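Right, I'll just put the structure down here and ask away after.
Readers should treat all values here as calculations from the given coordinates under stated rules, not as data from a laboratory. Note that this is a predicted model, so its numbers are computed, not measured. All Cβ positions, glycine included, derive from the backbone under ideal geometry; neighbour counts span all protein chains shown.
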Amino acid sequence: MYAAPSAPTVTKPTRDSSCLLSTKPTKLVQYKRDKAASDANVLAAANDASDVANGCTEPSDEQPHALRFAWSFWFIHRAPGHKISDYEAAMTRVATFASVETFWAAYSHLKRADKVPTITDYHMFRAGVRPVWEDAANMAGGKWMIRLKKGVSPRMWEKLCMAVVGDVFGVGDEVCGIVLSIRNSEDIVSLWNKNALDTKTTLHIRDSMKLVMGLPSSCVLEYKAHNDSLRDNSSFRNTDVYK
C-alpha cells in the first residue's frame, strides 16, 4: 500500500494517494493483499512440511507420512571437456520414494552439493516424469533458475526439496521437478513447471521459491521455456530475467 506524503509540500505525481481513502481497494492494493495472503499460506505450508520432515510430529500408529506424489532422484556427471551424446541414457535413477521417511532415507545417501565434482546434476522429479525437455509432461513447460555462489547450494537445495515433496507450492502437478547443477564458478537451482503459458501460476511458483528458500525479494531469477532450450540446445543461455 502506498505511503502518505510526510508533508504537504511533498508530492508524488505519478501515484494517486487518494486510493487510501477509498473503501474499495484498487486492483494494485487488492493484488498486494491477495499476494500477502498467498505468501502467508506458502510459509505456513513450508513450516508444516519442515516440521514433518524433521520429525516434529508424531506418526499415527507408526504409519509413514505419505506424500501427495511419488518422486525419483536422478544423477548425472560429465567429465570436463567431454560431451554427452545421449543425455537421458547417461542419467542414473538413484531412488523412488512416496513418503517423508523414504525421502529422507534416499536423500541422506546423496553426497552434499559441495562434495560432488563439478558438472554434476541432481534431479528430483515426479515419478513417471523423465527429467528431459522432450518428456510429455515437460514439453509445454519451462524452468525457473537461481544462480548461487559456491557453498550456498546445499542448504538451498535441501529447502527446495522439502518444499516440493511437501506440496508447499499448492499448484498440484504443475511442478514437474527440480534440478541442482554444480558448475565451476556457480551452482544453479532450477524448478521445472508444466505450463510456461500459465503466467499466473508460473509467477506464483517464482514468488513461492523465494519464500521457501529464504531469498530476498530483490533476488534475480531467470526463466526459460523448454521449447527455447530445444531450439538453441542450451539450458542456461538466452534466459528471461525477472526480479
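Around Lys150, under 15 Å between beta carbons, what's the net of Lys plus Arg minus Asp minus Glu among the other residues?
Working: positive: Arg112, Lys115, Arg147, Lys149, Arg155, Arg183; negative: Asp114, Glu186, Asp187.
Residues near Lys150 contribute +3 overall.
Here is a further query. Sorted by average packing, counted as other Cβ atoms within 10 angstrom per residue and highest first, what order do 106-115, 92-101 take?
Descending packing order for the listed peptides: 92-101, 106-115.
In what sequence do Val168, Val132 fall when counting other Cβ within 10 Å, fewest first?
Numbers: Val168 26, Val132 15.
In increasing order of surrounding Cβ atoms, one gets Val132, Val168.
Just grab the label-to-label distance for His77 and Asn184, each label 7 Å out from Cα along the Cβ direction, in nm (one decimal).
According to this spin-label approximation, the distance is 1.9 nm.
At 7 Å along Cα-to-Cβ for each site, give me the label-to-label distance between Asp86 and Asp232 in nm.
2.9 nm
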